[in-house]
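To start, the structure itself, in structure tokens.
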Amino acid sequence: TQLLEQSPQFLSIQEGENLTVYCNSSSVFSSLQWYRQEPGEGPVLLVTVVTGGEVKKLKRLTFQFGDARKDSSLHITAAQPGDTGLYLCAGAHSGTYKYIFGTGTRLKVLA
Amino acid sequence: DTEVTQTPKHLVMGMTNKKSLKCEQHMGHRAMYWYKQKAKKPPELMFVYSYEKLSINESVPSRFSPECPNSSLLNLHLHALQPEDSALYLCASSDSGTANYGYTFGSGTRLTVV
């Protein structure tokens, strides 16, 4: 069974702090996505990374795809309460519908 | 229109009831998906439709019956469900037949089976 392990599982931090979430696998993915999901809502796509070593920035969020395309990280600078939610990474395999979701990181940012 | 619309938002049904969940997208996406998500867990794939044909059934019990009437609509018919089927049911769509560029998810139907 292919797994995408995320760490940490839970994170509770104060507003203004920085944090990093990791997404690791033993499999190579053709692309990897990060989503944020709020309670009672569907996941919202934040970013897609495709090239090994790729770095993408979305305001205070920085996403990196590992050189070997097996892992990824999400760094949030100066977290805000609006960043609270469940963060999910998901990996795709080229030419297939196979789409593996990570185990999830639940983030709570306290004001 | 860049949304996937799911109805109803909430559904409570008895174990003998028959109900349907509906999903609609007008982005021209040719692949549509049903996912089930239990509390504090990642989504689990149930069905994949590609070009209106069922291409993947992830060993889902027959009490769940998907239907794709056209390229914009996806239904999930429910019959004789069990309390353990209570979950958030998510519909998603994608442009290509793969997930290489991610999915657009609906906001889900919160299903409670009593």
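The values are calculated or read from the model by the stated rules, or taken from the named source; none is laboratory data. Computed from a predicted model, the values in this text were never measured in an experiment. Cβ: placed from backbone, ideal geometry, glycine included. Neighbour counts: every protein chain shown. The accessibility values were calculated without ligands, DNA or RNA, using every heavy atom of the protein model including side chains. Shrake-Rupley method; radii C 1.70, N 1.55, O 1.52, S 1.80 Å.
Tabulated data for the structure shown
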{"read-out": "Count of region A:57-69 residues which are closer than 22 Å to B:Thr98 by Cα and surrounded by 16 or more Cβ atoms within 10 Å (Cβ to Cβ)", "value": "5"}
{"read-out": "Members of region A:35-50 found to be more than 9 Å from chain B (Cβ to nearest Cβ), under 17 Å from A:Gln9 (Cβ atoms) and within 11 Å of the chain's Cα centre (by Cα), listed by number", "value": "A:Arg36"}
{"read-out": "Residue in region A:13-23 that is of a type outside the set (A, V, I, L, M, F, W, C) and either touching a Lys or Arg at 6+ places or on another chain (Cβ under 8 Å) or open to solvent by less than 20 Å² (accessible area, probe 1.4 Å) (or both) present", "value": "no"}
{"read-out": "Members of region B:81-114 that are in a loop (DSSP other than H, G, I, E, B) and more than 11 Å from B:Ala31 (Cα to Cα)", "value": "B:Leu81, B:Gln82, B:Ser86, B:Asn100, B:Tyr101, B:Gly102, B:Gly106, B:Ser107, B:Gly108, B:Val114"}
{"read-out": "Extreme residue, nearest to the other protein chains (Cβ to nearest Cβ), among residues of region B:72-114 that are charged (D, E, K, R) and either surrounded by fewer than 17 Cβ atoms within 10 Å (Cβ to Cβ) or on the phi > 0 side of the Ramachandran plot (or both)", "value": "B:Arg110"}
{"read-out": "Of all residues in region A:85-111 being more than 9 Å from chain B (Cβ to nearest Cβ) and open to solvent by 50 Å² or more (accessible area, probe 1.4 Å), the one that is nearest to B:Leu90 (Cα to Cα)", "value": "A:Lys108"}
